[in-house]
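Asker: There's a structure below that I have some questions on.
We did not get these values from a lab; they are worked out from the coordinates using the rules stated. Every value quoted in this text rests on a predicted model; they were computed, and no experiment measured them. Don't worry about glycine lacking a Cβ; one is built from the backbone with ideal geometry, like all the others, and counts go over all protein chains shown.
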Amino acid sequence: MWILFPLLLGVSLAMDALGVSLALGAAERNSFTWKKILLASFSFGFFQTAMPVAGWLLGAALCGDHVITLGRIVAFLLLAFLGGKMVYEGVKRKGEEKEEKEEKRFSFSRLLVLSLATSIDALLVGVSYACIGRGGILRDSVIIGLVTFLICFCGGFLGRAAGRKLGGKGDIFGGVILLLLAVKILLE
């Protein structure tokens, strides 16, 4: 029964990363190979594993609301910037110029920023674990990370299929998803 809570928490925390996986798949379309999907899923899963532990360590030192508020603002800014950039690029690009740049949109640095931005909630979960004196963070973090990996892996393939149907509007669709996630985080 102990596994039920971290599994449900993992599904809940993975929703932002799922949205980004769908957005990446839609924007990248044909160039979002299974290797890139695997790399993205691993990155999201890794950050969702590491951030609760980091949050627990941070929360043990600084247990307070200012940490949670700052985390949400950082996540909002990162997602809003990347989402706005994707929408702008999607509207700006046309024809062959668009096809040339499609291969260059997926980068390791962009993936790291997205992984960090979507794992801020996991960091805050770690902070809350520390604030209430709860242990078992490592075991729960691994479960959260595995759940995120699996959900994002499926989301990458679904996003790619949607992007193929949307064609050139995949960038705009993906950017709008990131902007909506940013607003959601800010309003929480």
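Asker: Over 22 Å between C-alpha atoms is what I'm after, so list which of Lys35/Lys92; Lys92/Lys169; Lys36/Lys184; Lys36/Lys92; Lys35/Lys184; Lys36/Lys85 land there. Let's see the in-between values first.
Answerer: Working: Lys35/Lys92 28 Å; Lys92/Lys169 11 Å; Lys36/Lys184 27 Å; Lys36/Lys92 25 Å; Lys35/Lys184 30 Å; Lys36/Lys85 20 Å.
Violating the 22 Å Cα-Cα cut-off are Lys35/Lys92; Lys36/Lys184; Lys36/Lys92; Lys35/Lys184.
Asker: Sort the following peptides by mean Cβ neighbour count (other Cβ atoms within 10 Å, averaged over residues), highest first: 11-17, 122-128.
Answerer: The peptides rank, most packed first, as 122-128, 11-17.
Asker: Once whole DSSP H runs in the chain are found, which of them have Cα atoms spread over 20 Å or more along the helix axis and a mean Kyte-Doolittle score of at least 1.6?
Answerer: On the way: long enough: 4-28 (34 Å, 1.64); 34-61 (40 Å, 0.99); 65-92 (40 Å, 1.06); 137-166 (41 Å, 1.27); 170-187 (26 Å, 2.26).
Flagged H segments are 4-28, 170-187.
Asker: Suppose we look only past 29 Å in the calculated P(r) of region 4-187. What percent of the Cα-Cα pairs does that tail hold? Intermediate results must be reported in sequence, preceding the final value.
Answerer: Details: 3570 of 16836 pairs.
Here the long-distance tail beyond 29 Å is 21 percent of all Cα pairs in region 4-187.
Asker: Just how large is the dipole of the chain about the Cα centre, in debye to the nearest 20, putting +1 at every Lys and Arg Cβ and -1 at every Asp and Glu Cβ? Working shown, then result.
Answerer: Values: 20 positive and 14 negative charges, 88 e Å.
Charge dipole of the chain: 420 debye, to the nearest 20.
Asker: At R0 = 35 Å, how high is the FRET efficiency between Phe46 and Lys92 if r is their beta carbon distance? Nearest 0.05 is fine.
Answerer: That pair, Phe46 with Lys92, gives E of 0.60.
Asker: Nearest 500 deg cm²/dmol is fine: what mean residue ellipticity at 222 nm does the chain get from its DSSP H runs of n ≥ 4 alone, each adding -39,500 (n - 2.57), divided by its residue count?
Answerer: On the way: 8 runs with 160 residues, N = 188.
Helix-only estimate at 222 nm: -29500 deg cm²/dmol.
Asker: More than 16 angstrom separation, counting every C-alpha pair in region 3-51; what % is that?
Answerer: Of all Cα-Cα pairs in region 3-51, 43 percent lie more than 16 Å apart.
Asker: Continuing with this model, one more query. How much length, in nm to one decimal, is gained on full extension between Phe157 and Leu4, taken as 0.36 nm per residue of separation minus their Cα-Cα distance?
Answerer: Going from the current span to full extension adds 52.4 nm.
Asker: If each residue of separation counts as 0.36 nm, what is the full-extension length gain between Arg110 and Leu38 once their alpha-carbon separation is subtracted?
Answerer: Computed gain between Arg110 and Leu38 is 24.4 nm.
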